[in-house]
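J.: First the structure, which I've put down as structure tokens, then a few questions once you've had a look.
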Ligand code: SR1
Ligand code: MG
């Protein structure tokens, strides 16, 4: 993998992206390439470059200097491309089979060239279509157990950790999460986005002092707990899945944050998908919620017993307390994510495509009720079954 600095930033087009791939020597100048811009996310351009004759493709991802979802009125640092490629490289040290390969990155052009994963599908799309991906939660649990342990103080020399914390300072993207996940949905804020039929529920949230206080505590955990390098945006749209393979993509929100954040976001998005399904189709989602936590905690614990620094490894109860706090946080973060994806900016297709409209509204009301309960009662939760029971009780 090469990291380069070119002279000037310019936005790529389909033809300049293909030309860049040739210039980098990733395709021969004689090959006949097709290139399509396929980005459907909120922030970046994504080009799929393909050589039909060689049956070989790759992805060129480029950050643009604003949030694509809003437009140029929302400027955003290009540094997220550096964060993303650095995070992918670090994750690959521990779980190379669960992340795309990085072929090249250029911090000035804000470009990352990545393995083509088009034989897989975005997990959110597949889950909405009714695919259950039996390995999904085991793979995500393994990803989380390894990446979250090996970048934490439990594993790292303090000087190295301090250097990494600086390397992964990510103020612009953390600011997005701080506002969109932890603040705006809990107040009558202009970024919020919801159907008029949900106004009573939104106003109930805005008037609920206990809920707002608990969400503020979770925001404070997010802001101040530099426990480990987290993915930072681990919803089901950041995961490619297939029958046998899982790849975690898009870690541009990575920074040193609380261990429970990624786990909570993943669980929230499973629950949002469960709300979009009929009762009889929900069991695989419940299994995923249990499996992701069980696999995460087993992987994290095994790594701890093998590689934790002695002060932690030899302190009775330290691992158990760390996991308990991570679980409590995860439940609360899941609640914030459920509320945010329902009345805040940037919804999820799982809920937004429910038909008929009346059911969409009733399921969104449930998402708000479940999210609120997870935030308020998180300290009482001990296991994924407690989250599932809350979901079943309310939904
Ligand atoms: C303005 S960005 C909106 C959302 O898109 C990303 O995927 C993150 O979830 C972010 O909060
Ligand atoms: Mg993304």
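J.: Take the alpha carbon atoms of the stretch 2-115, find their radius of gyration, then divide it by 2.2 N^0.38 Å using N residues; give the quotient.
T.: Compactness ratio reported: 1.06.
J.: Would you work out the Kirkwood radius for the stretch 225-379? I mean one over the mean of 1/r across all pairs of different Cα atoms, in Å.
T.: Over the stretch 225-379, the inverse of the mean reciprocal pair distance is 16.7 Å.
J.: Over the C-alpha atoms of the chain, what are the Rg and the largest Cα-to-Cα span, Dmax, in Å?
T.: 20.8, 65
J.: Please pull out the direction-averaged projected area of the stretch 114-159, using the convex hull of its alpha-carbon atoms, in nm² to one decimal place.
T.: Spelled out: convex hull of the Cα atoms, projected over all directions, averaged, 5.0 nm².
J.: To continue, here is another question. In degrees, nearest 10, range 0 to 90: what is the angle between the Cα axis of helix 283-307 and the longest Cα principal axis of the chain?
T.: 70
J.: May I pose another question? Helix 357-377 against the longest principal axis of the chain: what's the angle in degrees, Cα atoms only, rounded to the nearest 10?
T.: So the helix axis and the longest Cα principal axis differ by about 70 degrees.
J.: For the stretch 154-183 and the stretch 218-292, write down the distance between their C-alpha centroids in whole Å.
T.: Spelled out, the Cα-based centre of one part sits 18 Å from the other.
J.: What ranking do 16, 372, 346, 28 get, fewest neighbouring Cβ atoms within 10 angstrom at the top?
T.: Ordered by Cβ neighbours within 10 Å, fewest first: 28, 16, 346, 372.
J.: Something else: On a 0 to 90° scale, report how tilted helix 136-150 is relative to the longest principal axis of the chain, with both axes built from alpha carbons and the result rounded to the nearest 10.
T.: Taking Cα atoms only, the helix is inclined about 80 degrees.
J.: To continue, here is another question. Taking neighbour Cβ counts within 10 Å as the exposure measure, how do 392, 30, 244, 219 sort from fewest upward?
T.: Neighbour counts put them in this order, fewest first: 30, 244, 392, 219.
J.: Take the Cα pairs of the stretch 7-68, get the Kirkwood Rh, then feed it into Stokes-Einstein at 37 °C and 0.692 mPa s and tell me D in µm²/s.
T.: For these conditions, the coefficient is 271 µm²/s.
J.: Using the number of other C-beta atoms within 10 angstrom as an exposure proxy, rank 333, 222 with the fewest first.
T.: 222, 333
J.: Let me ask another. Most fluctuating residue of 77, 151, 86 in a GNM of the chain with Cα springs under 10 Å: which is it?
T.: 77
J.: Related question: Rank 288, 235, 94 by mean-square fluctuation in a GNM of the chain with C-alpha springs under 10 angstrom and give only the top-ranked residue.
T.: So, out of 288, 235, 94, the one fluctuating most is 94.
J.: Based on the alpha carbon coordinates of the stretch 105-241, what radius of gyration and maximum Cα-Cα distance (Dmax) apply, in Å?
T.: Every Cα atom of the stretch 105-241 included, Rg and Dmax give 18.8, 53 Å.
Laboratory data are not the source of any read-out in this text; all were calculated from the coordinates shown. What you are looking at is a predicted structure, and each value in this text was computed from that prediction instead of being measured. Quick reminder, even Gly has a Cβ in these numbers, built from the backbone with ideal geometry, and neighbours come from all protein chains shown.
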